[in-house]
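Engineer: Below is one structure. I have some questions about it.
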Amino acid sequence: STQRHGGLESGSKMKRRQVEGASAEPSSPSSSSSEESSEAPVRPLYSFQSATSVIRWNIIAIVQGIVIGMTGNALQQAVFKQALIPLSGWTLSSLFLLATVTFTALLYHCYRNEISLKTVSFGKRSLSTYVVTSFALGQLLGYFLVLGSYFPLWRSFALYIVSLVWFHFSEFLFNVAYHFKTVSWDSFLLNHSVAYCSAIFVSCVEHLVEIFLFPDFKQNYLFTGAGLCLVCVGLTFRAGAFLSARDNFTHKIRAYKDAGHVLVTGGFYRIVRHPGYFGWFWWSVGTQVMLVNPICIVAFFVTSWLFFADRIPYEEDTLLVFFGSAYADYRRRTPVGIPGIEYMVKKNSVNTSSS
């Protein structure tokens, strides 16, 4: 299906948002063009001429961040011969090198685009914000790759951070590739929601507390391996949803059918009808299995299930309005892949038809 997305906004909230925005009329092209012509155009820090140029900049940024992080921490390990010290000389050196390369990249960009440094800003739609965020993610990735390879006790936590970094950076790359006209810092989903950030924080706290109280329990490679498999499956389906739906996959459900809105049933949508949701659900649960977090395994499963039990029936009602019998046939032959959600969809259909 189309209009798939990863934002955690419940179906009830979306209903309220759509009702509030239903009376708003879009401005006509003529009125918008006249308003634009009355003011001098403001040149953005980065012109979105093509998606590939944005991807190139950010891939370079994260690769350099990984190299810097791994090099700095490997040297630190070789010198200190002990656990990584967050504020040691080598870490500070790698951070200084990171800042130097970031500033050099900005200087080069300004030179190529004839932009004065006085206009460089760190807004949500500036290249400087993207580069710095990408470098920060790359630094985290490099740091925890080294941590996990040197210290088995911290391996599962390192894999957790790596999976988080990949999730957020892949979300940004997807938006750059297929929605580059509207891409912003929000596309990283780092400011996803208070609930999401709280869940990440709680999972880290549980793991760190238990790793000091029960270190042997945390080194359960059967759980870590099983969780890693779930994480890989989840991220694969999430990425497969992007590639299959392309620009039909968005981070927000639209209340109205656009002219180019088509029903996607091929690729990963042939396996499950919500591969983005399927991938996100099993990725989130898999991270906690990988961390051997017994409390968060249950908490993540329940909260994720409750969210999708509200969201998927709502979205399917919308898709039935958009595509009618075509979506009804697709829904009959294609499963959801999340336990119990099929029942909630059928229950919602009964309630809708009876009302």
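Engineer: Give or take rounding to whole Å, what are the principal axis extents of the alpha carbon atoms in segment 160-205, in descending order?
Structural biologist: So the extents along the principal axes, rounded to whole Å, are 38, 21, 10.
Engineer: How are the alpha carbon pair distances in segment 147-266 distributed across 10 Å bins from zero to the largest one, expressed in percent?
Structural biologist: Going from the shortest bin to the longest, the percentages are 11, 34, 30, 17, 7, 1.
Engineer: What does the extension gain come out to for residue 303 and residue 326, with contour length at 0.36 nm per residue minus their alpha carbon separation?
Structural biologist: Numbers: separation 23, 0.36 × 23 = 8.28 nm, distance 3.13 nm.
Taking residue 303 through residue 326 to full extension adds about 5.1 nm, to one decimal.
Engineer: If you filter segment 244-315 for trypsin sites (Lys or Arg not before Pro), then keep DSSP loop positions with at most 16 other Cβ within 10 Å, what is left?
Structural biologist: 252, 254, 257
Engineer: Shape of segment 173-239 from its Cα gyration tensor (a ≥ b ≥ c, root eigenvalues): rounded if a/c is under 1.5, otherwise prolate when a/b > b/c, or oblate?
Structural biologist: oblate
Engineer: Note the per residue figure in Å³ for the convex hull of the C-alpha positions in segment 230-352.
Structural biologist: Numbers: hull volume 12.5 nm³, N = 123.
Dividing the Cα hull volume of segment 230-352 by its residues yields 102 Å³.
Engineer: Bin width 10 Å, alpha-carbon pairs only: give the P(r) of segment 228-294 as whole percents, running from 0 to the bin holding the largest distance.
Structural biologist: 22, 43, 24, 9, 2
Engineer: Next question. Can you give the accessible area per residue of segment 231-355, in Å², using a 1.4 Å probe?
Structural biologist: Ligands and nucleic acids excluded, the figure is 44 Å² per residue.
Engineer: While we're on this one: Spin-label point model (7 Å from Cα, Cβ direction): what's the residue 257 to residue 229 distance in nm?
Structural biologist: 4.1
Engineer: For the residue pair residue 194 and residue 222, what label-to-label distance in nm results when each label sits 7 Å from Cα along the Cα-to-beta-carbon direction?
Structural biologist: According to this spin-label approximation, the distance is 4.1 nm.
Engineer: At a 1.4 Å probe, what is the % contribution of carbon and sulfur to the accessible area of segment 133-246? Present the calculation step by step, with values, prior to reporting the outcome.
Structural biologist: On the way: 3860 of 5000 Å².
It is 77 percent, rounded to a whole number.
Engineer: Continuing with this model, one more query. Could you work out the relative contact order of segment 158-252, using alpha carbon pairs under 8 angstrom and six or more residues apart, expressed as a whole percent?
Structural biologist: 28 percent.
The values are calculated or read from the model by the stated rules, or taken from the named source; none is laboratory data. Computed from a prediction, not measured in an experiment: that's the story for all the values here. As a convention, Cβ positions derive from the backbone with ideal geometry for all residues, glycine included, and neighbour counts pool all protein chains shown. SASA here: full protein model, heavy atoms, side chains in, ligands and nucleic acids out. Shrake-Rupley method; radii C 1.70, N 1.55, O 1.52, S 1.80 Å.
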